[in-house]
1. Under 1.5 on a/c is rounded, so check that first for region 40-196, then, if it is not, pick prolate when a/b is larger than b/c and oblate when it is not; a ≥ b ≥ c are the square roots of the alpha carbon gyration tensor eigenvalues.
2. Using the Kirkwood radius over C-alpha pairs as Rh, can you work out the diffusion coefficient of region 1-44 via Stokes-Einstein at 25 °C, viscosity 0.890 mPa s, in µm² per second?
3. Please sort 60-69, 91-100 by packing, taking for each peptide the average over its residues of neighbouring beta carbons within 10 angstrom, highest first.
4. Rounded to the nearest 0.05, what FRET efficiency do Arg87 and Val110 give with R0 = 41 Å and r taken as the Cβ-Cβ distance? Could you check?
5. Restricting things to alpha carbons, tell me how big region 1-86 is in terms of Rg and Dmax, in Å.
6. Round to the nearest 0.05 the FRET efficiency obtained for Phe125 and Phe180 when R0 = 35 Å and r is the Cβ-Cβ distance.
7. When the chain is fully extended, how far beyond the present Cα-Cα distance does Val170 get from Thr29, taking 0.36 nm per residue of separation?
8. Say each of Trp21 and Leu50 gets a label point 7 Å from the Cα, pointing the same way as Cα to Cβ; how far apart are those two points in nm?
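Nothing in this text is a laboratory measurement; each read-out follows from the coordinates by a stated rule. In this text the structure is predicted, and so the values were computed from the model without any measurement. Cβ atoms come from the backbone with ideal geometry, glycine included; neighbour counts cover every protein chain shown.
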Amino acid sequence: VSSLMCQSKEYPLTKPAGFHWDFLLLGITTGVAGLIGIPPPNGLIPQAPLHTDSLVVYDKYGKKLSVVEQRLTNTLQGAMTFVMMSRPFLVLLGLVPQAVLSGLFFIMAVTGLHGNIVTNRIRYFFLDKEYIETDPACPQVWKDIHALPNKKWFYVYTILEVIGGVGEFVITLTIAAVGFPGVLLFLAFCAKWVWPLFIPREDLDRLDGDVADEFILKNFTVASDEKKRRKRIRMEDEENKYEGETEVGESIMASSSS
């Protein structure tokens, strides 16, 4: 999820994704952590999308032109983690007030909400129509929403997103907080099979299209395509085998008749 958020369609990336490498590293580190009895690493890094956003190159109008795609800054960030785990930096880190650390996460949360697509859709509810149509400074995201031919499903889908977000937050306040991924999986199930039952596919594609570009999402379909290819080859082999047995049977019958 964290990797996909870093490579969403809003970022003009050119290099392909490395999900296989992410899973390999996370699997190795989790395995080692389990063997030596220390807490396993967390693959969900909340600051990751902010890192990508900090590497975006904008033009003078605020349009995203490109992303400085490199591994230096995140490698240094990982190295700093090991540095801060050793003395004297670990002692210094312990002197930082809890309020300061809490403030850091608060800023990260507010920054994430500010550019969140659900937040922008909620904002649209309270925007003046004239502002969207006439003000050149109006962000494109609201102009795109305003241009939707049928806003009925936009309101319905936004309400569903808010309910899902509230549900994800509320479960973290209960004794069942460890089950918060279950809410996420349930919503993914609904997005795949439930929402299309009553929301037209055309509107659903507009409201919930591909998260990332095709060359990024292709990494998720490699295994699926390989499975389909093998199944197709197996079916072709069975058909050829059946045809061959049929021809042999016909030849035997023809010889017997002669």
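1. oblate
2. So the translational diffusion coefficient is about 205 µm²/s.
3. 60-69, 91-100
4. Taking R0 as 41 Å, the efficiency between Arg87 and Val110 is 0.75.
5. For region 1-86, the Cα-based Rg and Dmax read 15.4, 52 Å.
6. 0.85
7. Between Val170 and Thr29, full extension yields 47.7 nm more.
8. Simple spin-label model gives 2.4 nm for this pair.
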